[in-house]
Amino acid sequence: MPFADAAPELLEFDRHALLAGEIWRLWTGHLVHYSWRQTLVDGAVALVAGLIAVRAYGLRRLLATMALAAPFISVALLLAAPDCLYYRGSSGLAVMLSVMAGASLWPRAGNVARLALAVMTLSLAAKIAAEALLIAQGWSDMPTDVRISWQAHLLGAIAGGVAAWRFRLGAGPH
Amino acid sequence: MRLLRTLILFFAAAALAGCASWNGSHGSKQTGSIVDYLYPDAKEAPAMTPTVTRLRPPVRVGIAFVPGAGWGSGLPEAQKIKLLERVKESFSKHPYIGKIEIIPSQYMRAKGGFTNLEQVSRMFDVEVVALLSYDQVRFADNNALSVLYWTIIGAYVIHGDQYDVQTMLDASVFDVQSRKLLFRAPGTSQIKGSATMVSLGEKSRAAQIDGYNAAVDQLIPQLQTELDNFRERIKNDASFNVENKAGYKGGGDTGWIGLVFAALLGGVAYAVRRRRA
C-alpha cells in the first residue's frame with residue numbers, strides 16, 4: 001500500500017517542510033503515529049478523557065479547543081525544541097483533554113476523588129520531568145530512533161490548564 | 001529367431017532406462033562474489049589511503065545481494081527480498097541504526113565496483129551498505145536404487161537420486177564514503193536429501209532455497225556479534241570518528257502510564273456521577 005506508507009510522511013510534523021510552507025502539518029502531525037501501539041494507547045487515553053470533558057464543556061467548545069491547541073503545540077515545538085526535526089503523536093492533545101477532564105471533575109469531586117486527582121496531577125508532572133531527563137525513554141516501546149517529546153506533553157498540559165481556566169466551571173451540575 | 005527377440009528386448013529395456021542410467025553425477029553452482037563486484041578486472045591489490053571514517057548514528061543502512069556472475073545465477077528476486085527482509089528485521093531495533101533500505105538487484109550492476117555502490121547509496125540515501133555475497137553448490141548423484149528406474153514406475157516412486165546443497169553467505173558491511181570494510185560475518189549451511197527422478201528438479205530447487213534460509217539463520221547472530229565487536233572496537237580506533245547528528249525524531253507517547261491515568265480518570269468521573277445522583 002504505497003499511499004498508506006507515504007501518508008504519515010506527508011502528514012507528520014516535519015520542521016523543514018513546515019518552514020517551507022506545508023502548514024497543514026501543524027494539525028496533522030498530531031494525527032499520525034510511529035506504531036499501532038502508540039496509536040491505540042494515545043487514542044484510548046484521548047477517548048476516555050474526551051468523553052469526560054465533552055459532558056462538561058460541550059462538543060463545540062472541545063473541538064474548537066483542539067483545533068487551536070494542535071497548532072499551538074506544533075508552533076511551540078518549532079520554537080522551543082529546535083532539535084526536534086520530526087514529530088508524530090496525539091499524546092499532546094490527549095494530555096490536554098486529560099487536564100480539562102480532571103479540571104471539570106474537581107469542583108464536584110469529594111475528598112477521596114480530589115485526592116486521586118491531585119495524585120494524578122503530581123504523577124503527570126513527575127512523568128513529564130522523567131521524560132525531560134530522558135529517564136522515561138525505556139518506558140516506551142516506540143522505535144529506538146524516536147525520542148519522547150516531553151515538550152508536547154508539557155504544552156498539552158498548559159493548553160488544557162488554560163482552556164479549563166477559560167471555561168471555568170462551578171460546582172453545579174454540568 | 002530367439003536370439004533376435006532377446007536382443008530386441010535388451011535394447012528396448014536399455015532405451016527405456018537410458019534416461020536414468022545415462023544420468024550420472026551432475027550439479028550446479030550459483031555465485032555472487034564481492035571481489036568481482038567491487039574490484040572488477042583488478043590486476044593488483046587496491047591502494048588504500050588511510051582516512052578517518054566518520055559515522056553519524058543513527059546510521060542509514062542499505063542491504064543488497066552482490067550481483068551474480070551470469071544470467072540466471074542466484075536466487076529469484078522475490079526470494080532475495082525475503083531473505084533481506086529477515087536481515088533487516090533483526091537489525092531494525094538498534095538505536096544507532098536509522099532506516100534500513102533493501103536495495104533490489106536491478107540497481108546493482110555486475111562488476112559495478114564502488115562507482116555503482118556510490119550511485120546506489122545516493123539513490124537510496126544510505127551511508128553504509130551491507131553486501132551479501134553468496135556461493136552455493138548443488139551436487140546430485142544417483143544411488144543404488146536408481147537401477148529400478150528402468151521399470152518406469154520406479155522413476156516416480158523410488159528415491160534413486162540424492163542431492164547435497166552447500167551454501168555460504170557472507171555479509172560485508174562497507175562505509176560508502178571511505179570505501180572501508182567495517183566488519184563482516186559468514187553463514188553456512190548444508191542440506192542433503194533424496195528424491196525420485198521425476199521430483200529431483202523440484203526438490204533440489206526447494207533445497208537450494210532452504211540452504212539460503214539456513215545460511216541466513218546462521219548469519220544473523222554472527223552479524224549481531226560482529227556488530228557488537230565493531231562498536232567496541234571503534235571506541236579505541238583512531239581511524240573511526242563517531243559524531244552525533246543534529247536533530248532528532250520526536251514522538252508523543254502517553255504510554256501504559258497514560259492508560260492507567262485514563263482508567264483512574266474514568267473511575268473518578270464515575271464516582272463523581274454516583275455522588276451527584
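What follows is calculated from the coordinates using simple rules that are stated; it is not laboratory data. Since we're looking at a predicted model, the values are computed, not measured. Neighbour counts run over all protein chains shown; Cβ positions are idealised from the backbone, glycine included.
From the residues A:P107, B:M168, A:I73, which one has its Cα farthest along the dipole of the protein assembly as shown in the positive direction, the dipole being from +1 and -1 charges on Cβ of Lys/Arg and Asp/Glu about the Cα centre? Farthest along the dipole direction, towards plus: A:P107. What you get for the stretch A:2-166, charging only the Cβ of Lys and Arg (+1) and of Asp and Glu (-1), is a dipole of about 880 debye around the Cα centre. For the options B:G112, B:G266, B:G193, a Gaussian network treatment of chain B with springs between C-alpha atoms closer than 10 Å singles out B:G266 as fluctuating the most.
Listed cross-link partners B:K43/B:K99; B:K29/B:K82; B:K29/B:K93; B:K88/B:K192 are compared with a 31 Å cut-off, the Cα-Cα value being larger for B:K43/B:K99; B:K29/B:K93. Between B:G247, B:G62, B:G255, find the one with the highest GNM mean-square fluctuation for chain B; connect C-alpha pairs within less than 10 Å. In this elastic network of chain B, the residue with the biggest mean-square fluctuation among B:G247, B:G62, B:G255 is B:G255. Taking the DSSP bridge list for the protein assembly as shown and keeping only pairs wholly inside it, about 65 percent are antiparallel.
With helices as the sole contributors, the protein assembly as shown gives -16500 deg cm²/dmol at 222 nm; each DSSP H run of n ≥ 4 counts as -39500 (n - 2.57), and the sum is divided by every residue. Taking a straight line from the alpha carbon of B:K249, these aspartates and glutamates sit under 15 Å away, with near neighbours fewer than eight places off in the same chain left out: A:E9, A:E12, A:D14, A:D83, A:E131, A:D141, A:D145.
Cut-off 10 angstrom, C-alpha nodes, Gaussian network model of chain A. Which of A:G43, A:G160, A:G89 fluctuates the most? Comparing A:G43, A:G160, A:G89 in a Gaussian network model of chain A, the most mobile one is A:G43.
Counting each pair of different Cα atoms once, what's the Kirkwood radius of the stretch A:2-166 in Å, rounded to one decimal? Display every interim value, and only then the final one.
Details: mean 1/r = 0.0610 Å⁻¹.
This gives a value of 16.4 Å.
Of the residues B:S178, B:F261, B:Q222, the one whose Cα sits farthest towards the positive end of the charge dipole of the stretch B:152-277 is B:F261 (charges of +1 on Lys and Arg Cβ, -1 on Asp and Glu Cβ, taken about the Cα centre).
The residue among A:V95, A:P82, A:A53 whose Cα reaches farthest toward the positive pole of the charge dipole of the stretch A:1-106, with charges on the beta-carbon of Lys, Arg, Asp and Glu, is A:A53.
Can you give the relative contact order of chain A as a percent, counting alpha carbon pairs under 8 Å and 6+ residues apart?
Working: 192 pairs, mean separation 50.2, N = 174.
So the answer I get is 29 percent.
Counting Cβ atoms of other protein chains within 10 Å of each residue's Cβ and taking the mean over peptide A:8-16 gives 1. Counting only aspartates and glutamates at least 8 places from B:K203 when in the same chain, those with an alpha carbon closer than 13 Å to its own are B:D161, B:D164. A Cα-only calculation for the protein assembly as shown places Rg and Dmax at 32.3, 122 Å. Under the membrane-span-like helix rule (DSSP H runs whose alpha carbons stretch at least 20 Å along the helix axis, mean Kyte-Doolittle hydropathy -1.0 or higher), chain B yields B:2-21, B:77-91, B:200-233, B:255-276.
Looking at chain B alone, DSSP beta bridges between its own residues are antiparallel in about 75 percent of cases.
Please give the charge dipole size of the protein assembly as shown, origin at the Cα centre, charges +1 on K and R Cβ atoms and -1 on D and E Cβ atoms. Round to the nearest 20 debye. It would help to have the intermediate numbers written out before the result.
Values: 45 positive and 35 negative charges, 401 e Å.
Here the protein assembly as shown has a charge dipole of around 1920 debye.
For the segment A:120-131, counting C-beta atoms of other chains within 10 Å of every residue's C-beta and taking the mean gives 2.
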